[in-house]
Ligand code: COA
């Protein structure tokens, strides 16, 4: 049914796999569309009590936005794509059921932002996290500048977002980005175990509790998202963005001139 997603149900647990392993599950426009449709359908599924999101293959959860689609992303498109993906990730954050990110490898850029929109994150020892947008001459555009500091504190978020450096699973655990780290081959089973525990609790209480905890995170985020998407759009107009994206696609180191 989907080209870029795979979905399976285990009793009342849904397992969504982002499924473009040959591109490290990078988020393409097609994937965004399919994800939106999937979530709308899920809202009407009365049976599912917890959703797990993970990545296909052994290497990546999601390695960010599809960089080949960044080549043509100008300010207008940057703003549109940013708003669209912010909305989808906010939809996940506010979904009627809890969402567990089972981070099985790279969670970079939009992949980190997807994990941040989930209610709980657990990781395999192989997971790596990063916000490398700045290296491409752009800034996060899918909610990362708002959610990351709320979760790990602004100093740590600044370091990740300003350097673009990756951190490993152990460091992610230490700073509270993930709740638990498991051996790689146990991650799926541990995610299901956690999902089953939550699914065994009264669904309405779980839903209300999730809503209440989410509201505790608010305060200025709407204006934060607006600013983020305008600045993301602006970054899409720079020469440095053109150079950063080309350098990645041509497998060379970028030369940045602050223009
Ligand atoms: N968008 C599009 N394609 C991507 C991608 C992305 N975000 N991340 C990886 N890929 C592709 C690679 O281009 C490569 O495709 P190819 O085999 O057709 O050349 C394939 O996925 C495998 O990736 P590769 O770079 O060969 O794997 P690696 O193990 O050497 O490196 C990473 C892994 C994650 C370090 C590296 O792929 C990377 O830096 N990706 C980009 C991350 C990023 O900047 N994300 C934020 C985007 S806003």
Legend entry - On Cα atoms only, tilt of 203-216 relative to the major axis of the chain in degrees: 30 degrees
Legend entry - Theoretical ellipticity at 222 nm over the chain - DSSP helices of four or more residues, -39500 (n - 2.57) apiece, nearest 500: -14500 deg cm²/dmol
Inset, instruction - Kindly rank 206-212, 47-53 from highest to lowest mean number of other beta carbons found within 10 Å of each residue. - result: 47-53, 206-212
Inset, instruction - Averaging sequence separations of C-alpha pairs under 8 Å and six or more residues apart, then dividing by the length of the chain, give the relative contact order as a whole percent. - result: 20 percent
Inset, instruction - Could you check what % of the DSSP bridge pairs in region 65-217 are antiparallel, to the nearest 5? - result: 15 percent
Legend entry - Counting DSSP beta bridges with both ends in the chain, the antiparallel % (nearest 5): 25 percent
Legend entry - Anisotropy class of region 169-259 from Cα gyration tensor, a/c 1.5 cut: oblate
Legend entry - Highest to lowest packing among 134-142, 109-117, 178-186, scored as the average C-beta count within 10 Å: 109-117, 134-142, 178-186
Inset, instruction - Working from Cα positions, state the angle (0 to 90°, nearest 10) between the long axis of helix 29-43 and the longest principal axis of the chain. - result: 20 degrees
Legend entry - Separation of alpha-carbon centers, region 169-198 and region 104-118, rounded to whole Å: 14 Å
Legend entry - Cα gyration tensor category, rounded, prolate or oblate, for region 36-113 with a/c compared to 1.5: oblate
Legend entry - Ranked packing of 154-161, 12-19, 84-91, 101-108, most packed first, by mean Cβ within 10 Å: 101-108, 12-19, 84-91, 154-161
Legend entry - Tilt relative to the chain, helix 239-249 - C-alpha long axis, 0 to 90 degrees, to 10: 60 degrees
Inset, instruction - Give the shape of region 1-154 as rounded, prolate or oblate, defined through the alpha-carbon gyration tensor: a ≥ b ≥ c are the square roots of its eigenvalues, a/c under 1.5 means rounded, and otherwise the shape is prolate if a/b is larger than b/c and oblate if not. - result: rounded
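Every read-out reported here was derived from the displayed coordinates using simple, explicitly stated rules and does not represent laboratory data. Just so we're clear, the structure is a prediction, and the values are computed from it rather than from any experiment. Quick reminder, even Gly has a Cβ in these numbers, built from the backbone with ideal geometry, and neighbours come from all protein chains shown.
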